[in-house]
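Visitor: Shown below is the structure under consideration.
The values are calculated or read from the model by the stated rules, or taken from the named source; none is laboratory data. Note that the structure is a prediction, hence the values are computed from the model and not measured. Here Cβ is always computed from backbone atoms with ideal geometry, including for glycine, and neighbour counts include all displayed protein chains.
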Amino acid sequence: MKVGVIGGGITGLSCAYYLGKAGVDATVFDPAPGGPIGTVIIEGCILETGPESWLAAKPWAEQLIRELGLGDQLTGSNDAKRRTYVLRGGRFVTLPDGLQMVAPTKVMPVIESSLFGWGTKIRMGLEIFRNPKTLPDRSVAEFVADHFGPEAVDYLAEPLLAGVYGGSPDDLSAPSVLPKFVEYEQKYGSVVVGTMRDKRKPTGRSIFMSLKQGVGTLIDALLERVQVVRNRVDAVEAAESGWNIRIKGQSHHFDQVVLACGSNGAAKLLSPVDAELAGLLGEIPYTGSSIWTFGYKRTDVHHPLDAFGFLVPKPERGAIMACTWLGSKWLGRVPDDKAVFRCFSTDVDVTREAAQSELHRLLRISGEPIFAVNHRWPDSMPQYTVGHSVRVAEIEARVAEIQGLYLAGNAYNGIGIPDCVKSAMAAADAIRASVV
Ligand SMILES: Cc1cc2nc3c(=O)[nH]c(=O)nc-3n(C[C@H](O)[C@H](O)[C@H](O)COP(=O)(O)OP(=O)(O)OC[C@H]3O[C@@H](n4cnc5c(N)ncnc54)[C@H](O)[C@@H]3O)c2cc1C
């Protein structure tokens, strides 16, 4: 059996890997495999073009990495410096210890914090008295404001989610983006109570995991094991039996096809095959992102760099939404005599001048950068907006009716690297099951 995989980001590559492992002949098509994932080394600094880590609590990426023989390359973040600053009133304020996303699990750090006023602190304390409720899908902003007040939306939910989803809490769906919290609301009424009850014993492991030589090494290892054709697919057509993939006027026949090219890519390819399905896929909006990475002589940066970095909430925002201090967050990635800053924005056109001048002001930087690199990712971040779970259920039901067609990737049931690997495993399993 031959399977064509359209899209060679982490999803498509890992799907082809698992298919190959099961003895299925799989070919990936992508003009630029890896998607946003890639590593570059400049002046001895290990830099990422896109993602720099993943959540350790989700096991699927790590499982794949170990299978690929890269287990000894796994590394956790430098949790001795695990602290995040939030810009408030032009000053860095520490994100209170014990916060799990928007839920406080420790009293004193919240009371002592200058990130919130007393109104929000009191609301956080009283939140434990809520009664269980099941509410319809609603935005993250509505959900968080309901539980903790509007200040928690502006100074917690917005900057935290903007960096992960590249979207606004006014649009993102609470059940899709914060499913555990919605479950706690239904079960206990209170998100704080649910979080405290579910609190896991400290494992001693870092929250974030990565690879010592960069996340790009995962893509390199997959590319060594998977057949890749570096071309864009122009069309997908149902054949009498199976599917034809068209590239530059040439047709390639496959028994089954996996679309791992984003819901936006899948919508375009499927519109002649099933217009209704393409319409549903096209309803998942996308945003883009840009990362400016600046390197400096350490002596030119007059800040202790005693944290993983900072977040900039919308009321305070200029050109930078979030900034990671690479040498503080990861050991072994930045030589001691340098400081490297990774500045994230959902404005793909943010200029070097704007990002650099903001960075210089906030971190009291006196010299010019040794290097500055930009990686732009337009239309790369699917938005799980209100109604997402219903939309995905409809998409899945429709795809299930089409023989030999599968969808996988970050647009459906999870955006992080581990979720992408999980969806790739599921597609490979379904294909394997279809031939037994
Ligand atoms: C800047 C940035 C930072 C991120 N940071 C993190 C992080 O720190 N941790 C984390 O877990 N996640 C992070 N993510 C999310 C994560 O990286 C993505 O969700 C994941 O890489 C998506 O993988 P994918 O294979 O589903 O899609 P993609 O990587 O988008 O791959 C889709 C591929 O399809 C190809 N394609 C499209 N159309 C066609 C066609 N017609 N023919 C052939 N190929 C086609 C494209 O070229 C692309 O390579 C980040 C994302 C971005 C953009």
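Visitor: Filtering the range 239-249 down to residues that are in a loop (DSSP other than H, G, I, E, B) and charged (D, E, K, R), which residue is farthest from the ligand (Cβ to nearest atom)?
Guide: Applying the filter and picking the extreme gives Glu240.
Visitor: Let me ask you something else. Of these, Gly44, Gly69, which one is at positive phi and either in contact with a helix residue (DSSP H, G or I) (Cβ under 9 Å, 6 or more places away or on another chain) or free of Cβ contacts under 8 Å to residues at least 12 places away in the same chain (or both)?
Guide: Gly69
Visitor: Further, regarding this structure: Out of the residues in the range 90-140 that are part of a loop (DSSP other than H, G, I, E, B) and among the β-branched types (Val, Ile, Thr), which is surrounded by the most Cβ atoms within 10 Å (Cβ to Cβ)?
Guide: Val102
Visitor: If you take the residues in the range 262-277 that are part of a helix (DSSP H, G or I) and free of Cβ contacts under 8 Å to residues at least 12 places away in the same chain, which one is nearest to the ligand (Cβ to nearest atom)?
Guide: Looking at residues that are part of a helix (DSSP H, G or I) and free of Cβ contacts under 8 Å to residues at least 12 places away in the same chain, I get Lys268.
Yes or no, residue by residue, for (1) surrounded by 17 or more Cβ atoms within 10 Å (Cβ to Cβ); (2) free of Cβ contacts under 8 Å to residues at least 12 places away in the same chain; (3) in a helix (DSSP H, G or I):
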site: Ala307; (1), (2), (3): yes, no, no
site: Pro315; (1), (2), (3): no, no, yes
site: Gly327; (1), (2), (3): yes, no, yes
site: Asp349; (1), (2), (3): no, no, no
site: Leu362; (1), (2), (3): yes, no, yes
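Visitor: Next question. Would you point out the residue of the range 214-238, among those that are over 18 Å from Val3 (Cα atoms) and touching a Ser or Thr at 6+ places or on another chain (Cβ under 7 Å), that is farthest from the ligand (Cβ to nearest atom)?
Guide: Once the filter is applied, the top-ranked residue is Thr217.
Visitor: Somewhere in the range 139-148, is a residue of a type in the set (D, E, K, R), under 29 Å from the mean Cα position of the chain (by Cα) and under 17 Å from Pro179 (Cβ atoms)?
Guide: The answer is yes, given that some residue of the range 139-148 is of a type in the set (D, E, K, R), under 29 Å from the mean Cα position of the chain (by Cα) and under 17 Å from Pro179 (Cβ atoms).
Visitor: Six or more apart or on different chains, Cβ under 6 Å: which pairs go from a residue in the range 371-382 that's small (Gly, Ala, Ser) and at pLDDT 95 or above to one that's within 10 Å of the ligand (Cβ to nearest atom) and assigned to a strand (DSSP E or B)? Could you list them?
Guide: These pairs meet every condition: Ser380/Gly288.
Each row is one residue, and each column tells you yes or no for (1) under 22 Å from Val392 (Cα atoms); (2) touching a Ser or Thr at 6+ places or on another chain (Cβ under 7 Å); (3) surrounded by fewer than 18 Cβ atoms within 10 Å (Cβ to Cβ).
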position: His147; (1), (2), (3): no, no, no
position: Pro150; (1), (2), (3): no, no, yes
position: Val182; (1), (2), (3): yes, no, no
position: Tyr188; (1), (2), (3): no, no, no
position: Thr203; (1), (2), (3): no, no, yes
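Visitor: Select the strands (runs of 3 or more DSSP E) contained entirely in the range 45-89, then report the ones holding at least 1 residues which are within 13 Å of the ligand (Cβ to nearest atom).
Guide: In the range 45-89, the matching strands (runs of 3 or more DSSP E) lie at 45-48.
Visitor: For the range 35-77, enumerate the residues that are modelled with pLDDT under 95 and in contact with a Phe, Trp or Tyr (Cβ under 6 Å, 6 or more places away or on another chain).
Guide: Ser77
Visitor: Quick check on the range 278-300: of everything there that is in a strand (DSSP E or B) and β-branched (Val, Ile, Thr), which residue is nearest to the ligand (Cβ to nearest atom)?
Guide: Ile291
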